[in-house]
Amino acid sequence: RPPISIRSDDLPEPDGPTSPSVSPRITSRVMLCNMSTEPALPDSLRYASFRDSMGLAKFFILRIYSTMIYCPLRVFCKQTIALLFLLFSSIPVFSETVIIATLGDSLTQGYGLSRENGFVPQLEAWLQGKGEDVSLLNAGVSGDTTAGGLSRIAWTLSPEVDALIVNLGGNDLLRGIDPATSRANLDGILQLTSERALPVLLVGFIAPGNYGPEYKVTFDSIYPDLSHKYGTLLYKNFFTTLIDGDKVKIPNSKFMQSDGIHPNASGVASIVNNIGPIVRQLIMQARE
């Protein structure tokens with residue numbers, strides 16, 4: 001039951017002084033620098049790639065500079081930040097590795113050779129020896145024709161591929177396939193790479209004379225015509241450096257395996273030394 005009336009109790013007097021006392025020292029706090037709060041950085045800056053790291057460093061230096069409202073050492077801080085900005089400006093931005101897919105047949109795959117002596121490994125080693133940050137994907141399939149290349153070009157051009165080398169047509173010649181068919185297949189390959197805006201090096205072949213002059217003229221014109229149409233780099237004949245003189249149109253046997261069709265390790269090295277500078281142009285296009 002609640003009490004009928006309000007009652008009060010007398011409390012004892014406090015032990016300490018009842019009037020405020022003044023401290024001998026002023027109780028104030030000095031802030032050397034004011035601190036400002038801003039929204040979080042956007043995702044495009046928080047999750048930037050390594051390629052943009054130098055740009056991010058410059059961004060943060062400028063942000064620190066812009067948020068300095070008051071500071072007794074402001075002049076010194078300004079000079080320090082300016083030096084840091086110049087330092088980061090002088091550091092080069094590291095480029096990413098260029099990935100090149102090499103679409104071809106047994107000449108690309110490295111038929112009859114140890115892995116390190118194949119066309120793709122030798123070319124990659126040559127390019128890296130020249131200081132190129134590049135990686136080559138071996139998309140060569142023994143026995144493949146231009147039709148086979150067309151059937152697998154879509155999945156060969158995975159998202160990480162930056163450029164393409166097309167080295168097809170040798171088996172079309174060996175089988176005597178209609179040049180019009182070979183042209184259409186190569187055109188389809190280049191059409192897809194054009195749609196994806198990928199730089200291309202087209203490697204050609206020269207038809208032998210045993211199919212007749214009409215076949216030879218029709219086949220030999222495929223590569224320069226398509227290269228002009230799609231604006232690709234062109235290496236006219238894969239076997240150029242293995243042929244002695246203008247009259248002899250077959251590769252020198254000292255550069256060939258016993259089958260007379262595929263180059264040996266020395267033959268591949270000769271081809272790589274000659275085609276390498278053009279592949280470096282391809283790398284430059286991929287970096288643009």
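The values are calculated or read from the model by the stated rules, or taken from the named source; none is laboratory data. The structure displayed is predicted, hence computed values, not measured ones. When we count neighbours, we look across all protein chains shown, and the Cβ atoms used for this are built from the backbone with ideal geometry, even at glycine. To get the accessible areas, we keep the full protein, side chains included, count just its heavy atoms, and leave off ligands, DNA and RNA. Shrake-Rupley method; radii C 1.70, N 1.55, O 1.52, S 1.80 Å.
Once both labels are positioned 7 Å from their Cα atoms along Cα-to-Cβ, the gap between ASP244 and ILE99 label points is 4.4 nm. With the cut-off at under 18 Å, measuring from each backbone N in the range 153-188 to a point 7 Å along the Cα-to-Cβ line of ASP225 picks out 168-170, 172-173, 176-188. Dipole check for the range 181-226: with +1 at the C-beta of Lys and Arg, -1 at the C-beta of Asp and Glu, and the Cα centre as origin, the magnitude is about 80 Debye. Since only ILE261, SER158, ALA184 are under comparison, the one whose Cα sits farthest along the positive direction of the charge dipole of the range 151-288, derived from C-beta charges on Lys, Arg, Asp and Glu, is ILE261. Put a plus charge on the Cβ of each Lys and Arg, a minus charge on the Cβ of each Asp and Glu, and nothing anywhere else: the dipole of the range 144-287 about its Cα centre is then about 240 debye.
Carbon-plus-sulfur accessible fraction, the range 129-288 (probe radius 1.4 Å, protein heavy atoms only): 55%. With 29 Å as the limit, the listed pairs LYS130/LYS216; LYS130/LYS229; LYS130/LYS254; LYS130/LYS249 have LYS130/LYS216; LYS130/LYS229; LYS130/LYS249 beyond it between alpha carbons. Scalar couplings 3J(HN,Hα) for the range 206-212, obtained by applying the Karplus form with A = 6.51, B = -1.76, C = 1.60 to θ = phi - 60°, are 10, 6, x, x, 6, 8, x Hz; x denotes Gly and Pro.
Once you have the Kirkwood Rh of the range 85-212 from its Cα pairs, apply Stokes-Einstein at 10 °C and 1.306 mPa s and quote D in µm²/s. My calculation gives 99 µm²/s for D. Using a Förster distance of 22 angstrom, determine the FRET efficiency expected from the C-beta separation of TYR211 and GLN285, and round it to 0.05. For R0 = 22 Å, the calculated efficiency reads 0.05.
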